[in-house]
1. Can you give me the number of residues within the stretch 71-103 that are over 17 Å from residue 145 (Cα atoms), within 11 Å of the chain's Cα centre (by Cα) and of a type outside the set (Phe, Trp, Tyr)?
2. Of the residues that sit in the stretch 49-99 and are exposed (fewer than 15 other Cβ atoms within 10 Å of the Cβ) and among the β-branched types (Val, Ile, Thr), which one is nearest to residue 142 (Cα to Cα)?
3. Of the residues that make up the stretch 73-88, is at least one within 19 Å of residue 38 (Cα to Cα) and acidic (Asp, Glu)?
4. Quick check on residue 133: is it modelled with pLDDT of 90 or more, part of a helix (DSSP H, G or I) and surrounded by fewer than 14 Cβ atoms within 10 Å (Cβ to Cβ)?
5. Go through (1) assigned to a loop (DSSP other than H, G, I, E, B); (2) on the phi < 0 side of the Ramachandran plot and name the single condition residue 117 misses.
6. With the condition kept exactly as written, say whether any residue in the stretch 29-44 is modelled with pLDDT of 90 or more, surrounded by fewer than 15 Cβ atoms within 10 Å (Cβ to Cβ), hydrophobic (A, V, I, L, M, F, W, C) and within 17 Å of residue 86 (Cα to Cα).
Amino acid sequence: MKIWSHPEIARLRTSRGPAWGAFAGRLVLAAVFLYAGTLKILNPQEFLLDVRSFQLLGDPWAAFLSLGLPWLEVFCALALILGGWWRGACGLIAGMLVVFGLAFVQAWMRDLDVTCGCFGKSENKTNFAQSLTIDATLLGLTAVVWWGRSRLERIQKHTSI
């Protein structure tokens, strides 16, 4: 099977703007969450220390989060890559990003000395402005994927009638 005959690529060749943006955004978002989740899966003890540094969850909840969240990130990334459950993946990613953002804000307001843990072990303490900017950018990218993909589906629905 040639790559250009794949149904998703064929749809992109016949459409403009939002479809390409949603497709590229979906791959970038998937790559970010696949990378971040994999790093956490490979070193769950370090991620547990990062989760505890936010002082939001006590044990055993912090341990449950540090073991489960990375797998959820990887699952969402795979759902975006495969495209079948992209709506659910976008919704879960948006929810995670909002929670991450709120965790950063509360840590900043409480003047906590935290390490993010988002992309593996870091010796540096979290730069709150940088972390919130990354979080907001990824949330915006999630919105682009959702909007572009939804628009493409509406266009295809109306043109196939």
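1. 2
2. Among residues in the stretch 49-99 that are exposed (fewer than 15 other Cβ atoms within 10 Å of the Cβ) and among the β-branched types (Val, Ile, Thr), the one nearest to residue 142 (Cα to Cα) is 98.
3. Just the residues of the stretch 73-88 that are within 19 Å of residue 38 (Cα to Cα), to begin with: 73-82.
Filter once more, keeping what is acidic (Asp, Glu): 73.
Taking every residue of the stretch 73-88 in turn, at least one turns out to be within 19 Å of residue 38 (Cα to Cα) and acidic (Asp, Glu).
4. Details: modelled with pLDDT of 90 or more: no; part of a helix (DSSP H, G or I): yes; surrounded by fewer than 14 Cβ atoms within 10 Å (Cβ to Cβ): yes.
Criteria not met by residue 133.
5. In the conditions (1) assigned to a loop (DSSP other than H, G, I, E, B); (2) on the phi < 0 side of the Ramachandran plot, residue 117 misses (2) alone.
6. Within the stretch 29-44 (the criterion being modelled with pLDDT of 90 or more, surrounded by fewer than 15 Cβ atoms within 10 Å (Cβ to Cβ), hydrophobic (A, V, I, L, M, F, W, C) and within 17 Å of residue 86 (Cα to Cα)), the answer is yes, since at least one residue qualifies.
The values are calculated or read from the model by the stated rules, or taken from the named source; none is laboratory data. Source: prediction; values computed, not measured. Cβ atoms come from the backbone with ideal geometry, glycine included; neighbour counts cover every protein chain shown.
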